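Q: Got a structure for you, written out below as C-alpha cells; questions coming shortly.
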Amino acid sequence: MKVISHDPYAALRIPDFRLFIFSRLFLTLSIQMQTVVVGWQIYDLTKDPLALGLIGLAEFLPSISVSLIAGHVADIVPRKRIILSCMFLLLFCTTSLFYFTTDLSTFLSRYNALPIYIVIFISGFARGFIGPSLFSFMPQLVSREIYANAITWNSSTWQAAAVGGPALGGLIYGFHGISISYFTDLSLMIIAITLMSFVKSRPVPPSDESANSILERIKVGIKFVFTNQLILSAISLDLFAVLFGGAVALLPVFAKDILNEGPQALGYLRAAPALGAVTMAVIMAYKPIKQKAGLKMLAAVAGFGVAMIVFAVSKNFWLSFAALLLSGVFDSISVIIRSTLVHTLTPESMKGRVSAVNNIFVGSSNELGAFESGVAARLLGVVPSVIFGGCMTLLVVAVTRIKAKKLESLDLD
C-alpha cells in the first residue's frame, strides 16, 4: 500500500495496528479504572495519604526489578507472546481484586488493605514485562516512514483510555459500588486479550550483535542509551519531571479533604490530564512538531510544572480541573516527541532493551513518584508537597537546558 507522508490516518489504515491500539485502549481503560478504584478503596480503609503512596511503591518494586530482563526477553522472544502472557497475569490480578469484594471473601475484613497491596505487587511483574514488549511490538506493525504517525495515534489511544478509565472508575464506584467497578474492570481486560489475540505475530528482529550472554546483551542496551546524548537527556528530563511534578497519587486527598468532593469528582480530576493530552495528541497527528522539537519539549515540561503549582493552590474544583487539563496538554507534547526520538534512533533488534531502560527512567518514575508524593505529603503537608514538586520540575528544566545543548537544537525532520 502506498503511504502518503502527510496522511494523518496512515497508521490507522493498517488492520493489525488498529487491533493493537484498540487492545491497548481496553487494557489501559482497565488499568486506569482499577487505579482509581484501588486508590479510593485504600484511602477509605486507611485514611492515610502515605497509604496511597505505598500503592505506587508496591507496583514499582517488582516492575523495576524485572525491567532489564524484560527488555532482553522482548528482543529474543516474539513480542506478542510476551504481551498475551502478561495480560493473562493482569487478568488474574483483576479477578482477585473482584473476589475480595464478594461475600465469599473475608480477606479484607481480616487483613485490611494487605491483600490489595499483594495483588498490586504481583501485577507489577506483569507491567514490568509488558512495557518493553508493547513498545517494541508496535513499530513492527507499521513501516518506518510512518513511525511518528503511529506513535501519535498510539499515544492518543492511551490518553483516550486514561480519560475514560478514571471517569468510568469514579462514576461506577460512586453510583454502583466497588464490586460492579471491579467486574467492569475484569470485562475490559477480557476484551483487550481477545483483540490482541487477533494481531498477527511478528518474528524476532534479526541482530548483528556479537554479544551472546544475557548480561552482555543488557550491557549493550544500557550503553546505547547512555552514549546517546539526545535519548539520555530526553528520558532524564521526563524522569525528574514525573518524579517531582506529579500529584496524581494524592488526588483522593485533594478531592475529599481539600475540594470536599466525592468519588465522581475524583474520576473527573483523574481524567482531566488525559483529556488535555488526547486533545493535543490528535492536534499533533494533523500538525506534527518538527522544527525546534527539543526546545518545545523543554517548554512543555516547564508548563507542566507551572500547572502543578496552580493545581496545588486551587480551592476551586473547576480551576483544579483546568490546571490538570493543561498539565496533560504539556505532558502529551513531551511524551510524543520523546517517543518519536527513541523509536527513530533505536535499532529494531535493541528496542526491547532500550525501552526497558526508558521504563526505569520514565515508566517506573510514575510509581516511585507516587511514593515520593505520599512521603512528601506526610512531611510537608499535601499542598506544600505539590508546590515543591512543581518548583523542582522547573529547576530540572533549567538544568537540562544548560547541560543538554543537543536537545535544545533538536529537529524531527
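Q: Can you name every residue in the range 187-237 that is surrounded by 15 or more Cβ atoms within 10 Å (Cβ to Cβ), of a type in the set (Gly, Ala, Ser) and in a loop (DSSP other than H, G, I, E, B)?
A: Answer for the range 187-237, where residues must be surrounded by 15 or more Cβ atoms within 10 Å (Cβ to Cβ), of a type in the set (Gly, Ala, Ser) and in a loop (DSSP other than H, G, I, E, B): just SER207.
Q: Of the conditions (1) in contact with a Ser or Thr (Cβ under 7 Å, 6 or more places away or on another chain); (2) among the hydroxyl-bearing types (Ser, Thr, Tyr); (3) at pLDDT 85 or above, THR102 satisfies every one except a single condition; which number is it?
A: (3) is the only condition that THR102 fails.
Q: Same structure, new question: Among the listed residues PHE240, PHE254, which satisfies the condition of being open to solvent by less than 30 Å² (accessible area, probe 1.4 Å), among the aromatic types (Phe, Trp, Tyr), outside any loop (DSSP other than H, G, I, E, B) and in contact with a helix residue (DSSP H, G or I) (Cβ under 8 Å, 6 or more places away or on another chain)?
A: Values: PHE240 fails: open to solvent by less than 30 Å² (accessible area, probe 1.4 Å).
Sole residue among the options that is open to solvent by less than 30 Å² (accessible area, probe 1.4 Å), among the aromatic types (Phe, Trp, Tyr), outside any loop (DSSP other than H, G, I, E, B) and in contact with a helix residue (DSSP H, G or I) (Cβ under 8 Å, 6 or more places away or on another chain): PHE254.
Residue-wise test of (1) modelled with pLDDT of 90 or more; (2) in contact with a Phe, Trp or Tyr (Cβ under 9 Å, 6 or more places away or on another chain); (3) closer than 25 Å to ASP331 by Cβ; (4) of a type in the set (A, V, I, L, M, F, W, C).
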position: ASN154; (1), (2), (3), (4): no, yes, yes, no
position: THR157; (1), (2), (3), (4): no, yes, yes, no
position: ALA161; (1), (2), (3), (4): no, yes, yes, yes
position: GLY170; (1), (2), (3), (4): no, yes, yes, no
position: GLY177; (1), (2), (3), (4): no, no, no, no
position: SER181; (1), (2), (3), (4): yes, yes, no, no
position: ILE191; (1), (2), (3), (4): yes, yes, no, yes
position: SER197; (1), (2), (3), (4): yes, no, no, no
position: VAL204; (1), (2), (3), (4): no, no, no, yes
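Q: Return only the number of the condition from (1) under 30 Å from GLY294 (Cβ atoms); (2) in contact (Cβ under 8 Å) with a residue 60 or more places away in the chain; (3) touching a Pro at 6+ places or on another chain (Cβ under 9 Å); (4) open to solvent by less than 10 Å² (accessible area, probe 1.4 Å) that ALA272 does not satisfy.
A: The single condition ALA272 does not satisfy is (2).
Q: Next question, about the same structure. Restricting attention to the range 22-38, does a residue exist that is open to solvent by 10 Å² or more (accessible area, probe 1.4 Å) and over 30 Å from TYR268 (Cβ atoms)?
A: No, the range 22-38 contains no residue that is open to solvent by 10 Å² or more (accessible area, probe 1.4 Å) and over 30 Å from TYR268 (Cβ atoms).
Q: Ok, one more. Residues GLY131, GLY39, GLY124: which one is more than 30 Å from LYS200 (Cβ to Cβ), assigned to a helix (DSSP H, G or I) and under 17 Å from the mean Cα position of the chain (by Cα)?
A: Values: GLY131 fails: more than 30 Å from LYS200 (Cβ to Cβ); GLY124 fails: more than 30 Å from LYS200 (Cβ to Cβ).
Step by step, each of GLY131, GLY39, GLY124 is checked, and only GLY39 is more than 30 Å from LYS200 (Cβ to Cβ), assigned to a helix (DSSP H, G or I) and under 17 Å from the mean Cα position of the chain (by Cα).
Q: Identify, please: which residue in the range 52-109 is part of a helix (DSSP H, G or I) and of a type in the set (D, E, K, R) and is, among those, farthest from the chain's Cα centre (by Cα)?
A: Residue satisfying both the conditions and the ranking: ARG81.
Q: Working only within the range 381-413, note down all residues that are among the hydrophobic types (A, V, I, L, M, F, W, C), touching a Gly at 6+ places or on another chain (Cβ under 9 Å), open to solvent by 50 Å² or more (accessible area, probe 1.4 Å) and over 20 Å from VAL253 (Cβ atoms).
A: LEU394, LEU395
Q: Still on this structure, I have one more. Using the structure shown, decide if PHE330 is closer than 25 Å to LEU134 by Cβ, aromatic (Phe, Trp, Tyr), in a helix (DSSP H, G or I) and modelled with pLDDT under 80. Let's see the steps before the verdict.
A: Details: closer than 25 Å to LEU134 by Cβ: yes; aromatic (Phe, Trp, Tyr): yes; in a helix (DSSP H, G or I): yes; modelled with pLDDT under 80: no.
In short, no.
Q: Just to be sure, is THR101 of a type in the set (Ser, Thr, Tyr), more than 30 Å from VAL199 (Cα to Cα) and open to solvent by less than 60 Å² (accessible area, probe 1.4 Å)?
A: In short, yes.
Q: Within the range 134-182, take every residue that is among the small types (Gly, Ala, Ser) and surrounded by fewer than 21 Cβ atoms within 10 Å (Cβ to Cβ) and give me the one that is nearest to CYS93 (Cα to Cα).
A: Among them, the one singled out is SER179.
The values are calculated or read from the model by the stated rules, or taken from the named source; none is laboratory data. Everything quoted here is computed from the prediction, not taken from an experiment. With ideal geometry, Cβ positions are generated from the backbone for all residues, glycine too; neighbour counts draw on all protein chains shown. All accessible areas refer to the heavy atoms of the entire protein, side chains included, with ligands and DNA or RNA removed. Shrake-Rupley method; radii C 1.70, N 1.55, O 1.52, S 1.80 Å.
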